[in-house]
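S.K.: Here it is, the structure, as structure tokens.
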Amino acid sequence: EGAVYCGGSARLVEKLFGVSEDELLYVGDHIFTDNNAVKASMRWRTALVVQELDQEIRASRSERHRVAAIDARLREKDVLQTRLNGLWCALERFDHEKRGLDEDGARAARDEVRELEARVARLDEELAPELKRVGKAFNKHWGYITRAGHDDKSHMARQIEKYADVYCAKVTNLYRYTPYHYFRAQPVTLAHDMSHDY
């Protein structure tokens, strides 16, 4: 007790602690040599230390109002795009099958399409610099390490999820938990679980 175990056998560690595979939490800072290797060979649970995470969390919090504004613009764009899609389908039916619209209706639909396309283009022009600015809050060259664009996880984030049971910015983040704490992942929300307005 109170000593450091160095070298030797992982199975001996399990024997010394009187635990087996998934009762141990291995903490490392390299996703492949620490977490992947231990998870694959020993079946131990793994914690990954991602030092950049503190900075990313601060950057994300500092940009939350800008992100909310971006989300509002994207929702507005979705509404416009949905209307556009309906008009394009109606015009397609009219142009190829001469049904659904008359000549006046088709002319009005084409005018509305031009207006909506211009509004979508303006929104895209407004969104582009805002999206870039949000990413630069963390790193001016490559943006966030856990996000790809505005709505997706980065390759790094997907690797973290795949190889680490939990992750944190520093080992001291674990101090408030006892050795008996069982870390449980949050439920995953799938696309079909989300509420849709249509």
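S.K.: With the condition kept exactly as written, say whether any residue in segment 178-190 is open to solvent by 50 Å² or more (accessible area, probe 1.4 Å) and either part of a helix (DSSP H, G or I) or within 21 Å of ARG58 (Cα to Cα) (or both). It would help to see each step written out before you state the result.
M.R.: Our first condition is that a residue be open to solvent by 50 Å² or more (accessible area, probe 1.4 Å); within segment 178-190, this holds for 178-182, 184-190.
Imposing the further condition that a residue be either part of a helix (DSSP H, G or I) or within 21 Å of ARG58 (Cα to Cα) (or both) reduces the set to none.
No - not one qualifying residue is present in segment 178-190.
S.K.: Just a yes or no: is a residue in segment 147-155 at pLDDT 90 or above and open to solvent by less than 40 Å² (accessible area, probe 1.4 Å)?
M.R.: Yes - at least one qualifying residue is present in segment 147-155.
S.K.: Let me ask something else. List the pairs whose first member sits in segment 35-55 and is without any contact (Cβ under 8 Å) to a residue 40 or more places away in the chain and at negative phi, whose second member is assigned to a strand (DSSP E or B) and open to solvent by 30 Å² or more (accessible area, probe 1.4 Å), and whose Cβ atoms are under 8 Å apart, counting only residues at least 6 apart or on separate chains?
M.R.: VAL38/TYR26; MET42/TYR26; TRP44/LEU25; TRP44/TYR26
S.K.: Among the residues of segment 47-60, are any touching a Leu at 6+ places or on another chain (Cβ under 9 Å) and within 24 Å of VAL166 (Cα to Cα)? Please lay out each step first, then the result.
M.R.: Quick first cut of segment 47-60, residues touching a Leu at 6+ places or on another chain (Cβ under 9 Å) only: 47.
So of that shortlist, the ones also within 24 Å of VAL166 (Cα to Cα) come out as 47.
Yes, there is a match, as at least one residue in segment 47-60 is touching a Leu at 6+ places or on another chain (Cβ under 9 Å) and within 24 Å of VAL166 (Cα to Cα).
S.K.: If I ask for residues that are touching a residue at least 24 places away in the same chain (Cβ under 8 Å) and of a type in the set (Lys, Arg), which ones from segment 56-67 would you list? If you could, list the steps in order and put the result at the bottom.
M.R.: From segment 56-67, those touching a residue at least 24 places away in the same chain (Cβ under 8 Å) are 56-57, 59-60, 62-63, 66-67; that's our starting set.
Passing the criteria: only ARG66.
S.K.: A further question follows. Scan segment 158-176 and tell me whether some residue there is closer than 20 Å to ASP54 by Cβ, open to solvent by 100 Å² or more (accessible area, probe 1.4 Å) and touching a residue at least 60 places away in the same chain (Cβ under 8 Å).
M.R.: So far as segment 158-176 goes, yes, one or more of its residues are closer than 20 Å to ASP54 by Cβ, open to solvent by 100 Å² or more (accessible area, probe 1.4 Å) and touching a residue at least 60 places away in the same chain (Cβ under 8 Å).
S.K.: Just wondering, is there one or more residues in segment 91-99 that are modelled with pLDDT of 95 or more and surrounded by fewer than 12 Cβ atoms within 10 Å (Cβ to Cβ)?
M.R.: No, there is no match, as no residue in segment 91-99 is modelled with pLDDT of 95 or more and surrounded by fewer than 12 Cβ atoms within 10 Å (Cβ to Cβ).
S.K.: Quick check: is even one residue across segment 112-122 at pLDDT below 90, in a helix (DSSP H, G or I) and of a type outside the set (A, V, I, L, M, F, W, C)? Before the answer, list the steps.
M.R.: Keep residues of segment 112-122 that are at pLDDT below 90, which gives none.
There is no residue in segment 112-122 that is at pLDDT below 90, in a helix (DSSP H, G or I) and of a type outside the set (A, V, I, L, M, F, W, C).
The values are calculated or read from the model by the stated rules, or taken from the named source; none is laboratory data. If you're wondering where the values come from, they're calculated on a predicted model, not measured in any experiment. Don't worry about glycine lacking a Cβ; one is built from the backbone with ideal geometry, like all the others, and counts go over all protein chains shown. Just the protein is used for accessible areas: all its heavy atoms, side chains included, with ligands, DNA and RNA removed. Shrake-Rupley method; radii C 1.70, N 1.55, O 1.52, S 1.80 Å.
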